[in-house]
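Trainee: Sharing a structure below in structure tokens format, with a few things to ask.
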Amino acid sequence: MRKLTATIDEIKKAAEMATEMGVLKNSLTKGDGSQAGFLAEIVLARHLKATQSNTYDYDLVMPDGRTIDVKAKRTSVEPKGHYEVSVLAYNTTQNCDYYAFCRVLRDMSTVWVLGIVKKKDFYSRANKRLKGDYDPSNGFEFRCDVYNMKISDLHPSNNK
């Protein structure tokens, strides 16, 4: 996990992008998480020296052409290994090479890069949860079908 600090200009740019985009269809947060999502993309692009390319399929393009879709959640605390990363089931058809999972501090000052994993590897190791199921670890009721994985499981070599 890597902790990155967002600049004032990056935070402003993310807010502008979120306002311009408006509320997406199927948004669980009714657009409230868009600024955090854009900030994760912007900060990660800087960190990886990638180009932002906001398409349905991916958010970043690496210099060698590999594509990354960034999945971000807001947080009020530093992420722990037992926290989970998620991909909503209706996003499984996105045509990208990798998923990058991030958490963004609610005040937008910090982005944690939790891990980057090949899309096919994510689905082979993730747990599918159905709408209405309860997470056995914390009692959370899933509001839609989702694929989940613990942050610690993003890097299987660390779990030996």
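The values are calculated or read from the model by the stated rules, or taken from the named source; none is laboratory data. Given the structure is predicted, the values throughout are model-derived calculations rather than measurements. All Cβ positions, glycine included, derive from the backbone under ideal geometry; neighbour counts span all protein chains shown. The protein model used for the area step is the full one, side chains on, heavy atoms only, and it has no ligands, DNA or RNA in it. Shrake-Rupley method; radii C 1.70, N 1.55, O 1.52, S 1.80 Å.
Trainee: Among the residues of the range 55-87, write down those that are out of contact with any Leu (no Cβ under 8 Å at 6 or more places or on another chain), among the hydrophobic types (A, V, I, L, M, F, W, C) and touching a residue at least 24 places away in the same chain (Cβ under 8 Å).
Mentor: Hit for the range 55-87 is Val87, nothing else.
Trainee: Please state which one of Asp107, Asp64 is more than 13 Å from the chain's Cα centre (by Cα), within 17 Å of Phe38 (Cα to Cα) and surrounded by fewer than 13 Cβ atoms within 10 Å (Cβ to Cβ). Can you show your working first?
Mentor: Working: Asp64 fails: within 17 Å of Phe38 (Cα to Cα).
Just a single option satisfies the conditions, and that option is Asp107.
Trainee: Could you check, for the range 77-93, whether at least one of its residues is open to solvent by 60 Å² or more (accessible area, probe 1.4 Å), in contact with a strand residue (DSSP E or B) (Cβ under 6 Å, 6 or more places away or on another chain) and aromatic (Phe, Trp, Tyr)?
Mentor: no
Trainee: A further question follows. Give all pairs with beta carbons closer than 7 Å in which a residue from the range 1-15 that is closer than 10 Å to Ile42 by Cβ meets a residue that is of a type in the set (Gly, Ala, Ser) and part of a loop (DSSP other than H, G, I, E, B); count only pairs at least 6 apart in sequence or on separate chains.
Mentor: Ala6/Ser109
Trainee: Considering each residue of the range 95-104, count those that are open to solvent by less than 20 Å² (accessible area, probe 1.4 Å) and either assigned to a loop (DSSP other than H, G, I, E, B) or more than 19 Å from Pro79 (Cβ to Cβ) (or both), and give that number.
Mentor: Residues of the range 95-104 open to solvent by less than 20 Å² (accessible area, probe 1.4 Å): 96, 99-102, 104.
Now narrow it down to the ones that are either assigned to a loop (DSSP other than H, G, I, E, B) or more than 19 Å from Pro79 (Cβ to Cβ) (or both): 96.
Total meeting the criteria: 1.
Trainee: Condition first: part of a helix (DSSP H, G or I) and farther than 23 Å from Val77 by Cα. Now tell me which residues in the range 111-158 satisfy that.
Mentor: Once the filter is applied, which keeps residues that are part of a helix (DSSP H, G or I) and farther than 23 Å from Val77 by Cα, the range 111-158 yields Lys119, Lys120, Asp121, Phe122, Tyr123, Ser124, Arg125, Pro156, Ser157.
Trainee: So which of Leu44, Leu28 is open to solvent by less than 80 Å² (accessible area, probe 1.4 Å) and at pLDDT 90 or above? Even if it seems obvious, please write down each step before you answer.
Mentor: Details: Leu28 fails: at pLDDT 90 or above.
The match here is Leu44.
Trainee: If a residue must be in contact with a strand residue (DSSP E or B) (Cβ under 7 Å, 6 or more places away or on another chain), touching a residue at least 40 places away in the same chain (Cβ under 8 Å) and either exposed (fewer than 13 other Cβ atoms within 10 Å of the Cβ) or not charged (D, E, K, R) (or both), how many such residues does the range 110-157 contain?
Mentor: Total satisfying the criteria: 15.
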